[in-house]
Structure formats: structure tokens, C-alpha cells
Amino acid sequence: MLQIINLTKTFGSLKAIDNLNLDIPEGEIFGFLGPNGAGKTTTIKIMCGLLKPTEGKVLIDGYDIQKEPEKAKQIIGLIPDHPFIYPKLTGREFLRFIGSLYRIPLKEQEEKIPELFNMFELNQWSDDLIESYSHGMQQKLVMSGVLLHNPKVIFLDEPMVGLDPKSARLVKEIFFNLSKRGVTIFMSTHTLEIAEKMCHRIGIIQTGKVIALGSKETLQENISPDKNLEDIFLELTGGTEYAELLKYL
Ligand SMILES: Nc1ncnc2c1ncn2[C@@H]1O[C@H](COP(=O)(O)OP(=O)(O)OP(=O)(O)O)[C@@H](O)[C@H]1O
Ligand SMILES: [Mg+2]
């Protein structure tokens, strides 16, 4: 469903993505982990057609995001790390706008939008301006926008940041259900517990290269059977040398 082929992205002399290859089947929940600056957001932006690759390509259900952007974009949804939503629209107007962009028939929008407001408990604020929404409410509105057009692939960059425990649980359940229905989910996260519980496979990226790939169990078998994902992540990414840094305290 999702193929990343020999993907490289440079910013000046910096190689943010270094010959990345990934193949993600339909219905998989894929967790993309890595330290700050590893290249996660850059990869997601390229996959969604927001950045041009320096080399290589991305295929979404067979469509090259660079060559056939409209076809590819029709079947994807993105929940970015810093979403932009028009502050002077109401929540309902925003969803109607998204619905029109994706050419969803008005009747379908009228049925689905209230269902989404119900699901995310945004009913009370549906006709208020987005600028009055809290961070978590905005996050839920962006998720509603993505779910509105039934994408085959959903990209999420740090999806749980700012969500209260109930909303975070709801979002997890939504993703499990979507995955069972064949929707492919590609998410970057720093919350290793989420990756551990939710993801069928995990890819760890460091300085633009994938340094580990597989299910949590495979990673444990290959790296250290009795270690949890946090220990494995820190061992692989060299995050355990903090004792040296504490001397600056
Ligand atoms: N527009 C840009 N211009 C120059 N360098 C950039 C640009 N965007 C990203 N970079 C660099 O590319 C590298 C990868 O950044 P990226 O945002 O993809 O990391 P990330 O893995 O998402 O990190 P984080 O966990 O902090 O979100 C970093 O070194 C960053 O400084
Ligand atoms: Mg990022």
C-alpha cells in the first residue's frame, strides 16, 4: 500500500533522509520512531507531497506522489505535528470546507459531520470559532477532517500530544478499527508505550537511516529478548549516555 523507494532528502549539506526504503502493507499500523531531528517529519511530508524528495520516490497504492499527486492525495489523510486550521472558521465550517475539497456529496457531509462531532465530543463547540478551541479540541477537529473522507492511508505525526486520556483511548480504538477495515496507518511517535501497544511493526530511524525494523517481538529477539522497547530504543540510538550530560547541571 505504501512504498518508500531509495528516498533521499538533503537540505543544503545536511542529509535529512538517507536512502530510505520501506514497504508497508494494507491495514498495517506502522510506528516510526527516532530521536529529535532523525527525519520522521521530513519523511511524512515527502510521503504526503508537501516536500519534494532529492532522490527516490513514494508510491501510495501504486500512485507516485510526485507524478500523480491528485490521485495519491485523494486516498491519504494527514494529521500533522502542527496543524494549520483556519481560526476564523467554526468547526462545522472547517469540516464542510474539507468535505468540499474532497468532493463529498453534501448529503453525506450532513450525515457524517454531526457523527464526528458526537464521536469526539465536540458537539457543544461545533459552531464556535476554531480560535476559541483548546489544543486538544483542535487536534480532534483535524482528526475529524481526516476521517470525513475515508482515506486508505492515514499519516500521523505525534498524534497523541495534547489529547486527554479519554480522547487518547478513543483515538487508539479508532485506529485499531480502521486498521481492521484495511486502512493503513503510518505514525511517528515518541510515546514508546503507544508504539508498543498499537503498532504491528516499528521502524527506528536515526540520522535519516532505518536502523531497526520489525514487530516489537522481532526487535526484542534480534536485539535483547528481556528488554522493553524503551531500553531497545535507547540502546540503538545511543540515548543512555546522559550521565555525562548531567555534569552540566
Ligand atoms: N526546511 C528545512 N530546512 C533545513 N533543514 C531542515 C528542514 N526541515 C528539516 N530539516 C532538518 O532535517 C532533519 C530532520 O528533521 P525532521 O523534522 O524530519 O526530524 P524529526 O525526526 O521529525 O524530529 P522531531 O522528533 O524533533 O520531530 C533535522 O536535522 C532538521 O533540522
Ligand atoms: Mg518531527
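The values are calculated or read from the model by the stated rules, or taken from the named source; none is laboratory data. All values reported here derive from a predicted model rather than from experimental measurement. Note that we place each Cβ from the backbone using ideal geometry, even for glycine, and neighbour counts take in every protein chain shown.
Listed by position, the helices (runs of 4 or more DSSP H) inside the stretch 195-249 whose residues that are β-branched (V, I, T) number at least 3 form an empty set.
Here Q206 meets each of (1) within 13 Å of ligand 1 (Cβ to nearest atom); (2) within 21 Å of I60 (Cβ to Cβ) with one exception, condition (2).
The set of residues in the stretch 16-31 that are under 15 Å from M1 (Cβ atoms) and within 16 Å of ligand 2 (Cβ to nearest atom) contains only F30.
It is to be established whether one or more residues within the stretch 174-189 are assigned by TED's automatic domain parsing to the domain that holds D231, part of a helix (DSSP H, G or I) and of a type in the set (S, T, N, Q). The answer is yes; a qualifying residue exists. The set of residues in the stretch 37-72 being in a loop (DSSP other than H, G, I, E, B), away from ligand 2 (no atom under 11 Å from the Cβ), buried (at least 19 other Cβ atoms within 10 Å of the Cβ) and touching a residue at least 40 places away in the same chain (Cβ under 8 Å) consists of C48, P53. On the basis of being more than 15 Å from ligand 1 (Cβ to nearest atom), without any contact (Cβ under 8 Å) to a residue 60 or more places away in the chain and closer than 21 Å to M1 by Cβ, does S167 make the cut? It is false that S167 is more than 15 Å from ligand 1 (Cβ to nearest atom), without any contact (Cβ under 8 Å) to a residue 60 or more places away in the chain and closer than 21 Å to M1 by Cβ. Annotation note: of M137, M119, the sole residue that is more than 30 Å from I65 (Cβ to Cβ) and free of Cβ contacts under 8 Å to residues at least 60 places away in the same chain is M137. Taking the listed residues L122, L59, the one that is away from ligand 1 (no atom under 16 Å from the Cβ), of a type in the set (A, V, I, L, M, F, W, C) and outside the structural domain of D23 (by TED's automatic domain parsing) is L122, with no other qualifying. Counting only residues that are in a loop (DSSP other than H, G, I, E, B) and without any contact (Cβ under 8 Å) to a residue 24 or more places away in the chain, which one in the stretch 1-36 is nearest to ligand 1 (Cβ to nearest atom)? Out of the qualifying residues, it is N36. Here L234, L192 are screened, and the one residue that is buried (at least 16 other Cβ atoms within 10 Å of the Cβ), modelled with pLDDT of 85 or more, out of contact with any helix residue (DSSP H, G or I) (no Cβ under 8 Å at 6 or more places or on another chain) and not charged (D, E, K, R) is L234. Selection of the stretch 8-30 for residues being touching a Ser or Thr at 6+ places or on another chain (Cβ under 7 Å), over 18 Å from L213 (Cβ atoms) and of a type in the set (A, V, I, L, M, F, W, C) yields only A16.
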